[in-house]
Amino acid sequence: MASEARSVTVFFSATGSAAYFVALIWKWILQRDGLLNGVLASLAEAPMTPTLWLAEPGSAFFWVVFVSIWAHMGFYTLILLAGLQAIPADLYEAAQLDRASPWRTLRRVTL
């Protein structure tokens, strides 16, 4: 249960933060001398030139979409978790008594 709470906290932390701080954090990660280029340079065997993640249209679009999804994922994860917890235990018990397979229970009761 504690690991569930930690994973929800990781996803939900961006929702509670202002968009300004989310943008600053990701700018720090993606800039020329940022964290992502630093990690990639430390993993590379030969010296490499830093990638300009936000200067090239293709990669900039990818990162804008990625950061947007990341920033809003916490809200939708919380809604999904609340919906899953609202499923009555009686339905699972009835499926077990009817000898439904785990796959069928997942498909018919949970989803």
Exercise. Just one of the numbered conditions (1) open to solvent by 50 Å² or more (accessible area, probe 1.4 Å); (2) farther than 30 Å from Leu84 by Cα; (3) at pLDDT 90 or above; (4) not acidic (Asp, Glu) is not true of Val65; which one?
Worked result: (2)
Exercise. Failed condition for Phe75, given (1) in contact with a helix residue (DSSP H, G or I) (Cβ under 9 Å, 6 or more places away or on another chain); (2) hydrophobic (A, V, I, L, M, F, W, C); (3) open to solvent by 80 Å² or more (accessible area, probe 1.4 Å); (4) at pLDDT 90 or above, with all others met?
Worked result: (4)
Exercise. Can we say Phe21 is exposed (fewer than 13 other Cβ atoms within 10 Å of the Cβ), at pLDDT 90 or above and either of a type outside the set (Val, Ile, Thr) or within 30 Å of Gln85 (Cα to Cα) (or both)?
Worked result: no
For this session: Could you tell me which numbered condition Gln31 fails, if it satisfies all but one of (1) open to solvent by less than 90 Å² (accessible area, probe 1.4 Å); (2) at pLDDT 85 or above; (3) within 21 Å of the chain's Cα centre (by Cα)?
Result: (3)
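The values are calculated or read from the model by the stated rules, or taken from the named source; none is laboratory data. Because the structure is predicted, anything quoted here is derived from the model rather than measured. For neighbour counting, all protein chains shown are included, and Cβ atoms are generated from backbone atoms with ideal geometry for every residue, glycine included. Note: accessible area is taken over every heavy atom of the protein model, side chains too, but ligands, DNA and RNA are not part of it. Shrake-Rupley method; radii C 1.70, N 1.55, O 1.52, S 1.80 Å.
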